[in-house]
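Below is one structure, written out as C-alpha cells; comments come after it.
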Amino acid sequence: LPDILSQMGYENLWFSAYKADYAGKRPFLVSHGVDVVYGVEAHGQKDDVMLGWGISDEAMTDRIIERLGQAPAPFMATWITLSNHHPWSWDFPIEFPDHLQLTGNDSPYKHYQRGLYYTDHAIGYFVSRIREQSWGEKAWIVIVGDHGMHVFPENNQLTDIQKLESHFRVPLLILAPDVLEPGRTERVS
C-alpha cells in the first residue's frame, strides 16, 4: 500500500512506541514505500512512562498529531501501539472501574482485561484528537490488531482448538466519514 500511495503523491509515515530498527522493521518498511520511520529514539523523552513494550498511547497520540500537522497532504500514517502489549502494565495512566482494580493476587486474564480497557480508552483519545484537526475531520482511520491473545478466565469452557483460534482473531475497525455507514459485520475480513 505505501508503494502504491507513493506513486499517487502520498507521504508515508510510520510510528512506533519502541525502537524503529527492532526486528528489521526500518529497512523492510523503507523498501516498501515508507518515507519516514519514527521510533521511540526519534520522539521519546527521558521522562516517558513505559507501558508494556512502549510509551503510553496518549503520549504517542500527541506526538503523532503534532508531526502530522506538519505533513504535506496527502499522507498515510501507520502507528504500531505497544502499551497494551503483554506484559501488561500494572500502572496504566487511567482510573479503572472497581471490577478491574488489582488486589495483588490477580490472574493474567485480569491484566489482559485491564489492557483491553486501556486500549478502548486510548482509541477514543486517538480518534477524538484526530477529529479535532482540520486535516482529520474526514480522515479515514483503520484500526487492526496483528494478533489476539491466548489468555482466558480460569472457568472457561473452550476447547484447545477454540483457544488457538482466538489467537488469530483480531478486530478490524474502519472509520471513514461520509464513505461508510456505521455498522458491524461478523464475516471474515
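The values are calculated or read from the model by the stated rules, or taken from the named source; none is laboratory data. All values derive from a computational prediction rather than experimental measurement. So basically every Cβ, Gly included, is an ideal-geometry build from the backbone, and we count neighbours across all protein chains shown. These area figures cover heavy atoms from the full protein model, side chains too; ligands, DNA and RNA do not enter into them. Shrake-Rupley method; radii C 1.70, N 1.55, O 1.52, S 1.80 Å.
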Those residues of region 131-140 which are assigned to a loop (DSSP other than H, G, I, E, B) and small (Gly, Ala, Ser), in sequence order: Ala139
Counting only residues that are more than 15 Å from Glu58 (Cα to Cα) and in a loop (DSSP other than H, G, I, E, B), region 92-117 contains a total of 9
Selection count, region 145-171, where residues are open to solvent by less than 90 Å² (accessible area, probe 1.4 Å) and within 24 Å of Ile65 (Cα to Cα): 1
Number of the exception - Leu116 against (1) within 19 Å of Pro87 (Cβ to Cβ); (2) touching a residue at least 12 places away in the same chain (Cβ under 8 Å); (3) open to solvent by less than 40 Å² (accessible area, probe 1.4 Å): (3)
Among the residues of region 104-111, is there at least one that is closer than 24 Å to Ser6 by Cβ and open to solvent by 80 Å² or more (accessible area, probe 1.4 Å)? no
Given the options Phe152, Phe168, Phe126, name the one that is touching a residue at least 12 places away in the same chain (Cβ under 8 Å) and touching a Phe, Trp or Tyr at 6+ places or on another chain (Cβ under 8 Å). Phe152
Does Arg169 meet the test of being among the basic types (Lys, Arg) and within 25 Å of Val40 (Cα to Cα)? no
Restricting to region 149-168, count the residues that are assigned to a helix (DSSP H, G or I) and at pLDDT 85 or above. 6
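Let's see how each residue does on (1) within 28 Å of Ala176 (Cα to Cα); (2) at pLDDT below 85; (3) of a type outside the set (A, V, I, L, M):
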| position | (1), (2), (3) |
| --- | --- |
| Lys19 | no, no, yes |
| Ala23 | no, no, no |
| Met60 | yes, no, no |
| Ala73 | yes, no, no |
| Ser83 | yes, yes, yes |
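Here's the yes/no breakdown for (1) surrounded by 12 or more Cβ atoms within 10 Å (Cβ to Cβ); (2) in a helix (DSSP H, G or I); (3) at pLDDT 90 or above:
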residue: Gly124; (1), (2), (3): no, yes, yes
residue: Arg129; (1), (2), (3): yes, yes, yes
residue: Val142; (1), (2), (3): no, no, yes
residue: Gly183; (1), (2), (3): no, no, yes
residue: Glu186; (1), (2), (3): no, no, no
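Among Ala17, Ala71, Ala59, which is the only one that is closer than 20 Å to Tyr118 by Cβ and touching a strand residue (DSSP E or B) at 6+ places or on another chain (Cβ under 7 Å)? Steps first, please.
On the way: Ala71 fails: closer than 20 Å to Tyr118 by Cβ; Ala59 fails: touching a strand residue (DSSP E or B) at 6+ places or on another chain (Cβ under 7 Å).
Just one listed residue meets the conditions, Ala17.
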